[in-house]
Amino acid sequence: MQPDDLTRVLAPKLGENLLGVEAFEGMAGRVRFRREAALDLFRAVRDDLSFAHLSMVGGIDWVDHREVFYVAWSDSARQYVLLSTDVPATDAHVETASAVWPSANWHERETWELVDITFDHHPDLRHLLTPDGYAFHPLLRSFKIHEPEELEVKTRHV
Amino acid sequence: MSEMWINMGPQHPMTHGLWNLRVRIDGEVVLDVDPEMGYLHRGIEKISEDRHYNEVVTLMDRTCYVAGLAWEHLYILASEQALHITPPERAQYIRMTCEEFQRIGSHIMWYAAFVNDIGLMTPFLYGMRDRDLVLDLFQSFTGARMTYEYMRVGGVRNDLPPTFTDQARKVLDWLTDRFREYDQLCLGSSIFHKRCDHLGVLKANDCIAHGVTGPMLRSAGVKRDLRKDRPYARYDAVDFDVAVADGADVTARYLVRMEEMRQSIRILRQTVDWLEHHPGPVMAEHLPRWLGAPYAPVGREGYLLKRNYAKGVGFSAVEEPHGEAQAYVVNEGTEHPYRVKFRSPIFANLSAARQYLVGYRVADIPPIMGSVDPCIGEVDR
Amino acid sequence: MGGLTAAQAPPAPSPRNPTVDLQLSNELPMATQAAVPFIEIEALRAKEFIPASKEALTSLIAEQGQAKLIRPMFNWSGRNSLFPLHWGLACCAIEFAAAFGARWDAERFGVVARSSPRQADLMIVNGTVTWKVAHKLITLYEQMAEPKWVIAMGNCATGGGPFRTAYSVVPGVDKLVPVDVYIAGCPPRPEALLDGILKLEQLIRERKE
């Protein structure tokens, strides 16, 4: 499967919400989309392109904005596809993928607590890796790695 | 009878690590489960942002401590793609050899721990005895038993010693016989069958929906193995079969893992033969200086060099002993990776715990969870 | 018939015979000094040990009285049967398991892992301790019966190790519970763990009550 194949299927479904499909080494392609069309894209990728297996959801903090990326695998094409969308840092939320791929559940919980990206309509958005009530989002660039003594104070009183 | 929640963990013989399985039970029947993770969350993804590319390898060994070399391989593949570096062929064969030996080591560790849970004590002693032979082999060229720090961006740290091929063949011959013994101990025991058959069933559709990979997926009859489907390193050049079973239960997972070890031996015989006859460099040439020389750690002055290097994004997927592991490395033109994200196979396998535990008895939980082979270091990262 | 007469003759007292040592040490049964005869008992083989120790104890009790013997006995039996808590934190737990495997066989030192903290008297902190597990570690420590000991196995438990700068890691388990023996290594080899356990035995032997 090539980036052109992805465009051909996805462009009619998403319209202007599809920002482009780029080539990516070792993958079918990298699909950039607007977050408004997230659910449509997930359904199209799973049902029409047969990427039935969602492997990974992650977030990147680019300081001015944040990026959410999804990696899915197709058993028929034997390829991965990378889906990514940008969300503004002040209003970082995107529709959950766990309605389409149940495997997104824990990955989104992790992304929510570490990169501070909220997933709307997530069935169970709780802390997974950090303790309940942990007030920080460690994978943000603004969260600096401290010397242990400073950090002790910071983490102990959460 | 009234329902209640009980905690199995974080200190519990079943857990094989540091996590908590909260179980809602009615008498003996499991009604609901809720795994509670994060007790071993060490912030590896965050620390990696503060380290040089080769320094992250140190953390990779500790990410999955029973399959360190497989995780090194995963990270190095993604980094090389992000940094636009191609390793020499011999290094790729050495990495494959490492990964397959690591698969055997990891599966033997699983065998020792899992069969011990069922109540057979002897396999633990047999397993640890044979795993030590594999670790001795690693020790001969990395110097460590578990945390190797062996692979580097652009190759591997040092070449194999001249005695390696003979030693490796001896270990492989020994293990071939021992695996027969393992099967006799387990499959010939009625205790094993009573505690494992038809337990923890997870069908192929559920596996795919919940992101379950590795031996659990293959035990449900899905023939997916990244070494075949998306060959990395030189897996396209070796001949092996994908181990598949169709029971989707604990016994099927046992059969898949045992067959995988036999297939690993088959791969290793080929790679060891290749390594014997193809000497050559094990590090890529023309590496940027800050990546360090092959035999020395990164030089201090290398830290200070401002480099002008192409940006890039690397993605790699490796069939780790536990399943499909993935790494996503963002290179923004500095000495440190901008963002490293890992996908742990057991993370997904445990997230589906509700699917394969609900409806069984409390006493069935240890064999079922043992067949998942949890390694919490890579789940929590 | 020479062999028969030799067998019937009483054995010559050897310098390693505990009975002799115990009879010689009249002022011993205070805790610190009483340790000496018991070291001698340890050096015997099992089949010699049982009659020798029985005889030695009987004579010692007759001589010194029961009360003065309890502490040394307690010390001696405690340090030779250290039961660690069976739990695995991180990487070192695998080496901890290897120490109980066929090659190292930690059980020959009387070290038997117990799954309940109430049966354990030694906590081997074998891995990275995070803040999330910290209060659970303290609970486990408090559940263990006195006297209890802690071994910090590996660099993570000693001082945070390679994860010292991480936001979620306790930089050393001695911030949470008192530690008796630190073992360096990342992870320490099983030999190092056994050495640490033997060091702890020595520590208990020299302990002032």
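Summary table below
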| quantity | calculated |
| --- | --- |
| GNM result for chain B, Cα springs below 10 Å: residue of B:V153, B:V330, B:V362 fluctuating most strongly | B:V362 |
| Rounded to the nearest 20 debye, dipole of chain A from Cβ charges on Lys, Arg, Asp, Glu | 260 debye |
| Size of segment B:87-127 as Cα extents on the principal axes (Å, biggest first) | 47, 13, 6 |
| Residues with amide H under 5 Å from that of B:S219, placed H, sequence gap 5 or more | B:A245 |
| Fewest-first ranking of B:M146, A:M27, using other Cβ atoms within 10 Å as the exposure measure | A:M27, B:M146 |
| Acute angle (nearest 10 degrees) that the helix A:104-115 long axis makes with the longest principal axis of chain A, alpha-carbon atoms | 50 degrees |
| Table column - 3J(HN,Hα) (Hz), segment A:87-102, Karplus curve with 6.51, -1.76, 1.60, x for Gly and Pro | 10, x, 5, 7, 9, 8, 8, 8, 5, 6, 9, 6, 6, 8, 10, x |
| Computed magnitude of the charge dipole of segment C:149-208 (debye, nearest 20; Cβ of K, R +1, Cβ of D, E -1) | 120 debye |
| Computed Kirkwood radius, in angstrom, where 1/r is averaged over Cα pairs of segment C:91-205 | 14.2 Å |
| Kirkwood Rh and Cα Rg combined as Rg over Rh, evaluated for segment B:43-380 | 0.98 |
| Estimated inter-spin distance, B:R180 and A:R34, nm [label 7 Å along Cα→Cβ] | 6.8 nm |
| Proximal charge balance of C:G127 [Cβ under 12 Å; K/R count +1, D/E count -1] | 0 |
| Chain A: projected area of the alpha-carbon convex hull, averaged over directions, in nm² | 10.0 nm² |
| Nitroxide proxy distance, nm - points 7 Å out along Cα→Cβ at C:R108 and C:E63 | 3.3 nm |
| DSSP beta bridges in chain A [antiparallel fraction, %, rounded to 5] | 80 percent |
| Efficiency of FRET between B:D197 and A:H65 - r from beta-carbon atoms, R0 45 angstrom, step 0.05 | 0.30 |
| For segment C:159-165, 3J(HN,Hα) per residue [Karplus equation, 6.51 cos²θ - 1.76 cosθ + 1.60, θ = phi - 60°, Hz, x = Gly/Pro] | x, x, x, x, 9, 4, 7 |
| Model label zone, C:N80; criterion: amide N under 20 Å from point 7 Å along Cα-to-beta-carbon; scope segment C:123-154 | C:147-149 |
| Cβ-derived FRET efficiency at R0 56 Å, A:D47 paired with C:A184, nearest 0.05 | 0.50 |
| Kirkwood-based Rg to Rh ratio, segment A:72-142, C-alpha trace | 1.01 |
| Degrees between helix B:250-277 axis and first principal axis of chain B (Cα, 0 to 90, nearest 10) | 20 degrees |
| Degrees, to the nearest 10: B:68-83 long Cα axis against longest axis of chain B | 50 degrees |
| Computed FRET value (nearest 0.05) for A:D91 with B:D236, which takes r as the C-beta separation and R₀ as 56 Å | 0.75 |
| GluC sites (Glu not before Pro) restricted to segment A:1-88 and DSSP loop, no more than 12 other C-beta within 10 Å | A:E25 |
| Per-residue ³J(HN,Hα) for segment B:235-244, Karplus 6.51 cos²θ - 1.76 cosθ + 1.60, θ = phi - 60°, Hz, x for Gly and Pro | 5, 6, 9, 10, 10, 7, 10, 8, 6, 9 |
| Nearby aspartates and glutamates by direct alpha-carbon distance to C:K148 (threshold 17 angstrom, same-chain neighbours under 8 apart not counted) | C:D121, C:D174, C:D180, C:E201, C:E206, C:E209 |
| Inter-part distance where segment C:56-122 and segment B:144-200 are each reduced to a Cα centre, Å | 33 Å |
| Exceeding the 30 Å Cα-Cα cut-off - candidates C:K175/C:K199; B:K223/C:K132; B:K341/C:K199; B:K170/C:K199; B:K341/C:K132 | B:K223/C:K132; B:K341/C:K199; B:K170/C:K199 |
| For B:R361, B:R257, order by how many other beta-carbon atoms lie within 10 Å, fewest first | B:R361, B:R257 |
| When the convex hull of its Cα atoms is projected in every direction, mean area for the protein assembly as shown (nm²) | 39.3 nm² |
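Any read-out appearing in this document is the output of simple, stated calculations on the displayed coordinates, not a laboratory observation. As the structure is a prediction and not an experimental result, all values here were calculated from the model. Backbone-built Cβ (ideal geometry, glycine too); neighbour counts: all protein chains shown.
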